[in-house]
């Protein structure tokens, strides 16, 4: 029998961080991700790590920059309004080419919004969450198990590419409980010759910095960074296909919306509609090629989101607007029901016919 | 049977589910029953979620007017004093998780002790990450008692892995619960087992059959 435990999504991601070798966590409590901090407050001292409740989200992200500069694995977490506060730091992390893991357990917005689940920070996460040209690796868990496995993978990707990995979860996945296997495999360790760890008098000192005094140099930094991004778009795209082989209607959804969509797709199939799902696991890089390929057969697409329609733009771009793309969404902390998704699938069936 | 039954424990231990099941049972036996959701910690998945079913089956529900809404304040309703004031009712109390959740109990503990007709039950799931051992559960007991100013009187072993629970999990949980009972001096009142599994259990003990409440919208994954 596999050794499983029953965990909340927020606990699973916290434990996975420890298993990935993260010994530094800085955060500030906010619903619905407070369990991450509560869990790590109890666990970090037991594994010789540092848990620190910062005086603010801004302080926490700058502590992350410090630890990342020293070459150690480090994490912070928050929910939507807190992530807005951290955005300046996210830009500095990118400008310094530092690896870090940042978790956003999204709630309804904008502003203070509400505490119920949402996916309306999709633009913020995938379009560069701060000033300047940059991307973060954005991973979207849809189960408690994935909260653990994507955090583990996220730390690896961050080190591999010297980038911030953002876990873009939603309140539901953070709060729900499911059995989890914490068998995460081996931690791969990366050389970090750039880290600020003391020269020991044996080398010139490293500088971690996002400021360049020369425009020519700053341009080159940006270009080099985007070459790395191009490589990532080629190598690191991850998605799940569900009943897409013969699908006329392809739903696209991530996180809790993908779970609702799957249940709707099974119901649609029972009614004789050939529906399927492409679930992006990496939101950046976005599974463009998979969608473009699906558009060769599919008659129409349905983007299921807990936002007013953000990912739908990436769906339309990926398929070059070659098919109708319908939006099925609820916002403000509401979650679409399988019935709502099913009726949108039926609408898409008709829209596809008119083409 | 005591007039007031309180369920407390580590968050996610199954307190709310058990409190709901127990309140429904009391009402079905013809008792005037009230359930109070005193959870000031958990934003989602609360006993309040079963409000419609509870009220339909004759259980009165006391809950913060803000529960399940977007108002993120740890507010308790004044109505909660009915638990101690209105002795015509059997009262079931769903205490918030951990010591922080139990803080709210401090407001009632004096009256509960004075009436001295209550049961304070620890709900424990040994397959939760921070209560894997009887020693860890004992720590939770002492933290909650200090925060809530009310001593426990018994234990319900709710060791489970949700849908994936097998007989083996029940046996191992039972062993740990018995050890916790010996260590704490608290009576082990019983162990929950999901209905479908009950006939596979081949060991002695008090077993409480339970039905797992699904979130059907997310069932297939």
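The values are calculated or read from the model by the stated rules, or taken from the named source; none is laboratory data. Quick caveat: nothing in here was measured; it's all calculated off a predicted structure. Reconstructed Cβ throughout: ideal geometry from the backbone, glycine too, with neighbour counts over all protein chains shown.
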I'd like the residue in the range B:140-162 that is more than 14 Å from chain A (Cβ to nearest Cβ) and in a helix (DSSP H, G or I) and, out of all such residues, is nearest to residue B:123 (Cα to Cα).
B:141
Assuming residue B:165 fulfils every condition listed in (1) surrounded by fewer than 21 Cβ atoms within 10 Å (Cβ to Cβ); (2) within 14 Å of chain A (Cβ to nearest Cβ); (3) without any contact (Cβ under 8 Å) to a residue 40 or more places away in the chain apart from one, which condition is it?
(1)
When you go through (1) more than 30 Å from residue B:128 (Cβ to Cβ); (2) touching a strand residue (DSSP E or B) at 6+ places or on another chain (Cβ under 6 Å); (3) surrounded by fewer than 16 Cβ atoms within 10 Å (Cβ to Cβ) one by one for residue A:181, which number turns out not to apply?
(1)
Got at least one residue in the range A:77-90 being under 21 Å from residue B:41 (Cα atoms) and more than 13 Å from chain B (Cβ to nearest Cβ)?
yes
Just one of A:148, A:158, A:169 is closer than 16 Å to residue A:83 by Cα, touching a strand residue (DSSP E or B) at 6+ places or on another chain (Cβ under 6 Å) and modelled with pLDDT of 95 or more; which is it?
A:169
Considering each of A:306, A:317, A:342, A:327 in turn, give the residue that is within 15 Å of residue A:122 (Cβ to Cβ), within 14 Å of another protein chain (Cβ to nearest Cβ) and modelled with pLDDT of 95 or more.
A:306
Among the residues of the range B:7-63, count how many are over 17 Å from residue B:122 (Cα atoms), part of a helix (DSSP H, G or I) and out of contact with any helix residue (DSSP H, G or I) (no Cβ under 9 Å at 6 or more places or on another chain).
7
Residue under evaluation residue B:15, criteria (1) without any contact (Cβ under 8 Å) to a residue 60 or more places away in the chain; (2) on the phi < 0 side of the Ramachandran plot; (3) within 14 Å of another protein chain (Cβ to nearest Cβ), criterion not met:
(1)
Residue A:13 being within 14 Å of another protein chain (Cβ to nearest Cβ), outside any loop (DSSP other than H, G, I, E, B) and within 17 Å of residue A:165 (Cα to Cα):
yes
Scanning the range A:100-123 for residues that are farther than 21 Å from residue A:37 by Cβ and crowded, with 18+ Cβ neighbours inside 10 Å, the one farthest from the other protein chains (Cβ to nearest Cβ) turns out to be A:122
Contact list please: Cβ distance under 8 Å, first residue in the range A:74-99 and surrounded by fewer than 23 Cβ atoms within 10 Å (Cβ to Cβ), second residue in a strand (DSSP E or B), pairs at least six apart or on different chains.
A:81/A:107; A:85/A:78
When the residues of the range B:84-102 are narrowed to those that are more than 23 Å from residue B:124 (Cβ to Cβ) and assigned to a helix (DSSP H, G or I), which ends up nearest to the other protein chains (Cβ to nearest Cβ)?
B:84
Would the range B:81-90 turn up any residue that is closer than 30 Å to residue A:10 by Cβ and either touching a strand residue (DSSP E or B) at 6+ places or on another chain (Cβ under 8 Å) or at pLDDT below 95 (or both)?
no
Scope the range A:76-103; condition within 20 Å of residue A:20 (Cα to Cα) and under 14 Å from the mean Cα position of the chain (by Cα); matching residues:
A:76, A:77, A:78, A:100, A:101, A:102, A:103
Counting just the residues of the range B:178-221 that are in a helix (DSSP H, G or I) and out of contact with any helix residue (DSSP H, G or I) (no Cβ under 8 Å at 6 or more places or on another chain), which one comes out farthest from the other protein chains (Cβ to nearest Cβ)?
B:182
If we scan the range A:39-48, do we find a residue that is crowded, with 24+ Cβ neighbours inside 10 Å, more than 15 Å from residue A:175 (Cα to Cα), in contact with a strand residue (DSSP E or B) (Cβ under 8 Å, 6 or more places away or on another chain) and assigned by TED's automatic domain parsing to the domain that holds residue A:190?
yes
So if I check each of A:307, A:322, A:303, which one is within 18 Å of residue A:261 (Cβ to Cβ) and either in a loop (DSSP other than H, G, I, E, B) or out of contact with any strand residue (DSSP E or B) (no Cβ under 6 Å at 6 or more places or on another chain) (or both)?
A:307
Out of the range A:17-36, which residues are in a helix (DSSP H, G or I) and surrounded by fewer than 24 Cβ atoms within 10 Å (Cβ to Cβ)?
A:18, A:19, A:34
May I ask you to list the residues in the range A:224-258 that are crowded, with 24+ Cβ neighbours inside 10 Å and in a helix (DSSP H, G or I)?
A:255, A:256, A:257, A:258
Of the residues A:288, A:299, A:274, which is closer than 16 Å to residue A:138 by Cβ, free of Cβ contacts under 8 Å to residues at least 60 places away in the same chain and away from every other protein chain (no Cβ under 14 Å)?
A:288
